[in-house]
Amino acid sequence: MALNNMITSAEEFVRLRLSDDPEEYGRSASDSASESVWLDVIDKYPDMRRWVAHNKTVPLSILRVLSEDPDSDVRLAVASKRKLDQSLFEFLAADTHESVRHRIACNKKTPVSVLKLLSRDNETMVRDVALNRLEDAADE
C-alpha cells in the first residue's frame, strides 16, 4: 500500500494515531489534512483533539479553535507549538489554567511582550520562567 502525504478523513487520522505501526503512527503527526478534516476530527473524536494539535502541519486556524477547547490538556498542546502568532500567544498567556500559561512562558518563540505580561502572573512557576526568559533575552 502506497503512503500519501495527505490525511483524507477524520477516521483515517484516528486509525493512523492508534496504529501500532510506527510508520502509520508517525504519519498522524506529520501528514497534512484539509481544514475540514481537522474540524471533523475535532467534532467527532474529542479524545483526539490534543493529537490534532501535535500534528506538525496543522494550520493556525485549527490551533485557534483548539486554543478555546474546554480541556486544558488540548490548550497545553497548542501552547507548545512554535508556529503560534502574536494573538494566540497573547490569548493563551491569559488562560485560566496555570499549566497553559507556564507552557507559553517556556515556549521558545514567545514574544518578549507576552513574557512581560507573564512576568506579572499570580502563579510563581509562571512568573519565574517568564522573568528568567526575559533576563536571558536581555543578555543576548
Other-chain or far-sequence residues with amide H under 5 Å of Ala33's (modelled H) | Ile7
Go through the stretch 39-48 residue by residue and turn each phi into a ³J(HN,Hα) via Karplus (6.51, -1.76, 1.60, θ = phi - 60°); whole Hz please, and just put x for glycine and proline.
-> 5, 5, 4, 4, 6, 8, 10, x, 5, 9
Work through the residues other than Gln86 whose Cβ is under 14 Å from its Cβ and net out their charges, Lys, Arg +1 and Asp, Glu -1.
-> +4
The rounded separation in angstrom of the Cα centers of the stretch 1-43 and the stretch 75-140 is 30
Whole-Hz couplings from phi, Karplus 6.51/-1.76/1.60, listed for the stretch 121-132; x for Gly and Pro | 5, 5, 8, 4, 5, 6, 4, 4, 5, 4, 5, 5
May I ask you to derive the FRET efficiency for Glu11 and Arg82 from their Cβ-Cβ distance with R0 = 22 Å, giving the value to the nearest 0.05?
-> 0.15
Expressed as a percent, the portion of alpha-carbon pairs in the stretch 7-66 spaced more than 19 Å apart is 15
Under 17 Å between alpha carbons - lysine pairs in the chain that sit 8 or more apart or on different chains = 9
Percentage relative contact order, the stretch 72-140, counting C-alpha pairs under 8 Å, at least six apart = 27
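Every number in this text was worked out from the coordinates using simple rules, so none of it is lab data. Every value quoted in this text rests on a predicted model; they were computed, and no experiment measured them. Heads up, the Cβs are rebuilt from the backbone with ideal geometry, glycines too, and the neighbour counts pull from every protein chain shown.
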